[in-house]
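Report on one structure; see the data block that follows.
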Ligand code: CAA
């Protein structure tokens, strides 16, 4: 399959990751179509991108004209069929394998045969997701980090049957977005989460073992280990539900006890304390 030149990018799911990815795409000059399930969710994402680009203008990191042109490249839809002309579609919906399989098989019918399909999954198998389409060669992982516009890394994940063309096209998009892409294989957690998830779980276990407050644990890791953000603040940012899901997915595959989510954080997820996005996690947000 020859990789198409990427001009138009579709982003499916405009939660915090999808919104950040759409922002990167329009800033890099790609025509971008964001798909959400309701107009209101799409508008919310649009307002968020407009806000962050305005902050760049305020700080003289972007001109007002460039902001306008970037925003003009972002269109919204609730209809997957509107992604028919995309050269690359990046999926950033909930971390549920069943939902992703259903979406990819629908995308497979909607987009051109030479379009590339990428998943931003944190911990699911890209190979399993790719199995839901007729030509799995066109499926890769493009794993961005939260917050996507600020974190320089993107992992370009080669699944079992990904073509070289699809991997290289995704890599080139990552570079054009101003990221530091790395190529890796479809192993559980890829590179960063394989290391970060058990480390964060250790941090959360220390909360109970050492009987320290989230604030003091965060101070310990920022002031004592040079982390840019403490573990409790980071898990609140990533989303308690996303972290629990990634931990469970890695535990299921690797069977290492450190991968399993500590009971405290599972209880928080069950209680609806999801971090920043729900207004309360380890901390409370406005
Ligand atoms: N989207 C777009 N722009 C954003 C943003 C977002 N979500 N959040 C902030 N910004 C913009 C804002 O305009 C902000 O400026 P103002 O506050 O003046 O408006 C500007 O970026 C700078 O923000 P900060 O002052 O907060 O930036 P900082 O210097 O404090 O750095 C950080 C922030 C880069 C997030 C840093 O704290 C950091 O590196 N934290 C660690 C994050 C991390 O480890 N992420 C990985 C999580 S794991 C993961 O994502 C994997 C997974 O699969 C779950």
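Scoring residue 269 on the criteria (1) within 11 Å of the ligand (Cβ to nearest atom); (2) without any contact (Cβ under 8 Å) to a residue 40 or more places away in the chain; (3) under 21 Å from residue 121 (Cβ atoms) leaves a single failure, condition (1). Here residue 248 passes the criteria (1) over 18 Å from residue 95 (Cα atoms); (2) surrounded by fewer than 21 Cβ atoms within 10 Å (Cβ to Cβ) except the one numbered (1).
Output the residues belonging to region 181-235 that are in contact with a helix residue (DSSP H, G or I) (Cβ under 8 Å, 6 or more places away or on another chain), in contact (Cβ under 8 Å) with a residue 40 or more places away in the chain and outside any helix (DSSP H, G or I). Residues satisfying the conditions are 186, 188, 189.
For first residues located in region 55-71 and assigned by TED's automatic domain parsing to the domain that holds residue 19, partners that are at pLDDT 95 or above and more than 15 Å from the ligand (Cβ to nearest atom) and lie 6+ apart or on another chain with Cβ distances below 8 Å form the pairs 57/63; 57/64. Entry remark, region 132-165: residues being away from the ligand (no atom under 16 Å from the Cβ), crowded, with 24+ Cβ neighbours inside 10 Å and farther than 23 Å from residue 106 by Cα number 0 in total. Would you confirm, using the coordinates I've provided, whether residue 51 is within 16 Å of the ligand (Cβ to nearest atom) and surrounded by fewer than 18 Cβ atoms within 10 Å (Cβ to Cβ)? It is true that residue 51 is within 16 Å of the ligand (Cβ to nearest atom) and surrounded by fewer than 18 Cβ atoms within 10 Å (Cβ to Cβ). Against the list (1) under 17 Å from the mean Cα position of the chain (by Cα); (2) surrounded by fewer than 17 Cβ atoms within 10 Å (Cβ to Cβ), the condition residue 71 fails is (1).
One line per residue, one yes/no per condition, for (1) under 24 Å from residue 154 (Cα atoms); (2) more than 16 Å from the ligand (Cβ to nearest atom); (3) in a loop (DSSP other than H, G, I, E, B):
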{"residue": "55", "(1), (2), (3)": "yes, no, no"}
{"residue": "68", "(1), (2), (3)": "no, yes, no"}
{"residue": "75", "(1), (2), (3)": "yes, yes, no"}
{"residue": "89", "(1), (2), (3)": "yes, yes, no"}
{"residue": "93", "(1), (2), (3)": "yes, no, yes"}
{"residue": "102", "(1), (2), (3)": "no, yes, no"}
{"residue": "106", "(1), (2), (3)": "no, yes, no"}
{"residue": "112", "(1), (2), (3)": "no, yes, yes"}
{"residue": "117", "(1), (2), (3)": "yes, yes, no"}
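If the condition is being under 16 Å from residue 93 (Cα atoms), touching a helix residue (DSSP H, G or I) at 6+ places or on another chain (Cβ under 7 Å) and in a helix (DSSP H, G or I), then region 34-53 contributes only 45. Restricting the first residue to region 248-265 and requiring it to be outside the structural domain of residue 198 (by TED's automatic domain parsing), which pairs with a second residue that is at pLDDT 95 or above and surrounded by 12 or more Cβ atoms within 10 Å (Cβ to Cβ) meet a Cβ separation below 7 Å and a spacing of at least six or different chains? Listed by first residue and then by second, the contacts come to nothing, as the list is empty. Annotation: residue 174 fulfils all but one of (1) free of Cβ contacts under 8 Å to residues at least 60 places away in the same chain; (2) more than 16 Å from the ligand (Cβ to nearest atom); (3) over 21 Å from residue 112 (Cα atoms); (4) under 19 Å from the mean Cα position of the chain (by Cα); the unmet one is (2). Residue 242: part of a helix (DSSP H, G or I), within 14 Å of the ligand (Cβ to nearest atom), on the phi < 0 side of the Ramachandran plot and exposed (fewer than 13 other Cβ atoms within 10 Å of the Cβ), yes or no? No: the conditions fail for residue 242. Here 268, 229 are screened, and the one residue that is at pLDDT 95 or above and closer than 26 Å to residue 97 by Cβ is 268.
The values are calculated or read from the model by the stated rules, or taken from the named source; none is laboratory data. Please read these numbers as outputs of a predicted model, since none were measured by experiment. With ideal geometry, Cβ positions are generated from the backbone for all residues, glycine too; neighbour counts draw on all protein chains shown.
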